[in-house]
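Written below as structure tokens is the structure these notes are about.
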Amino acid sequence: MDGFGALVRTCARSALDFALPPRCAGCGTIVPDVHSFCAECWMQVEFIGDGGCDCCGLPLQATEQSTCARCLAKPPRIARSRSAVAYDDLSRSLAVRLKYGRKVAIARTMAHYMASLVKPERESILVPVPLHRTRLWTRGFNQSALVARELSRRLDIAAHPMVLKRTRRTPPLKGMSALQRRKTVAGAFEVADKAAVVGKTIILVDDVLTTGSTAEACARALKRAGAARVELVSWARVVKPSQLMR
Ligand SMILES: [Zn+2]
Ligand SMILES: [Zn+2]
């Protein structure tokens, strides 16, 4: 009965999403196009785009070619990182509402702006950065898995939300140094289904990219399990103002 009730609620919610006029995910005003920002919010959003270093996506210095000096010196495990927008009040409010508010509509808006940054290959699969199961129980869903599902629909590539597992609960990384973050998340991820990743290009999906230590720990587990390449696409990225491309 419970499952049925949930199904009815889900259907009612989808019908509602469908019947109501599309609204801007930033401010709630009615917009002509589904899952997009209104003109005012659009002006306010710092889109990061697909330029910058081939690898990390950050802006290149005048002396750098296609890969930045940092990535050349120490190639990251994530071969390609892309984020739709810079992390600020507006993009943060979307990330928060993805967790607690109109989840499906917000996930669709994010996927709308993230899809063009993904360059799927034949052997690509989408893998959301997992939550620990205790957090999954309390929240009831993984916000990155919702975004991965919407990206999967748009790009017609498979999403595998169960492939990667978080084996232990990690404390919030906020306020930690890069080294502390790396130590905290090291070994926190495990591949649950090796057959699904061997030889594949894994596109990790996350909501907010901060220093990338969580994504790197995921990539480490995926590579060890035989993934050919690991990429990352996130909704927002914490960037210094000097790192914005204008
Ligand atoms: Zn708006
Ligand atoms: Zn780079």
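The values are calculated or read from the model by the stated rules, or taken from the named source; none is laboratory data. Since we're looking at a predicted model, the values are computed, not measured. Neighbour counts are summed over all protein chains in view; Cβ atoms, including those assigned to glycine, are modelled from backbone coordinates with ideal geometry.
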Taking residue 51 and the conditions (1) within 30 Å of residue 215 (Cα to Cα); (2) within 13 Å of ligand 1 (Cβ to nearest atom), which numbered condition does it fall short on, given that it satisfies the others?
(2)
So residue 92 fits all but one of (1) assigned to a loop (DSSP other than H, G, I, E, B); (2) under 17 Å from residue 210 (Cα atoms); what number is the exception?
(1)
Residue by residue through region 197-229, note down the ones that are part of a loop (DSSP other than H, G, I, E, B) and modelled with pLDDT of 95 or more.
197, 198, 199, 200, 225, 226, 227, 228
Out of 48, 125, 106, which single residue is under 19 Å from the mean Cα position of the chain (by Cα), surrounded by 20 or more Cβ atoms within 10 Å (Cβ to Cβ), more than 15 Å from ligand 2 (Cβ to nearest atom) and aliphatic (A, V, I, L, M)?
106
For region 160-182, which positions are of a type in the set (Lys, Arg) and either assigned to a loop (DSSP other than H, G, I, E, B) or more than 25 Å from residue 138 (Cβ to Cβ) (or both)?
168, 169, 174, 182
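Within region 89-108, can one find any residue that is modelled with pLDDT of 95 or more and touching a Cys at 6+ places or on another chain (Cβ under 7 Å)?
Start the filter on region 89-108 by keeping residues that are modelled with pLDDT of 95 or more, which leaves none.
Checking region 89-108: not a single residue is modelled with pLDDT of 95 or more and touching a Cys at 6+ places or on another chain (Cβ under 7 Å).
Kindly evaluate residue 24 against the criterion of being touching a helix residue (DSSP H, G or I) at 6+ places or on another chain (Cβ under 6 Å), over 21 Å from residue 238 (Cα atoms) and at pLDDT 85 or above.
Values: touching a helix residue (DSSP H, G or I) at 6+ places or on another chain (Cβ under 6 Å): yes; over 21 Å from residue 238 (Cα atoms): yes; at pLDDT 85 or above: yes.
For residue 24, the condition - touching a helix residue (DSSP H, G or I) at 6+ places or on another chain (Cβ under 6 Å), over 21 Å from residue 238 (Cα atoms) and at pLDDT 85 or above - is met.
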Looking at region 54-67, can you tell me whether even one residue there is modelled with pLDDT under 90, among the acidic types (Asp, Glu) and away from ligand 2 (no atom under 16 Å from the Cβ)?
no
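Would you mind stating whether residue 122 is basic (Lys, Arg) and either free of Cβ contacts under 8 Å to residues at least 40 places away in the same chain or farther than 13 Å from residue 148 by Cα (or both)?
Details: basic (Lys, Arg): yes; either free of Cβ contacts under 8 Å to residues at least 40 places away in the same chain or farther than 13 Å from residue 148 by Cα (or both): yes.
So residue 122 fits the description; yes.
Yes/no matrix, rows are residues, columns are (1) free of Cβ contacts under 8 Å to residues at least 60 places away in the same chain; (2) in contact with a Lys or Arg (Cβ under 8 Å, 6 or more places away or on another chain):
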position	(1), (2)
183	yes, no
190	yes, yes
198	yes, no
201	no, yes
Of 100, 113, the only residue that is in contact with a strand residue (DSSP E or B) (Cβ under 6 Å, 6 or more places away or on another chain), closer than 16 Å to residue 208 by Cα and aromatic (Phe, Trp, Tyr) is 113
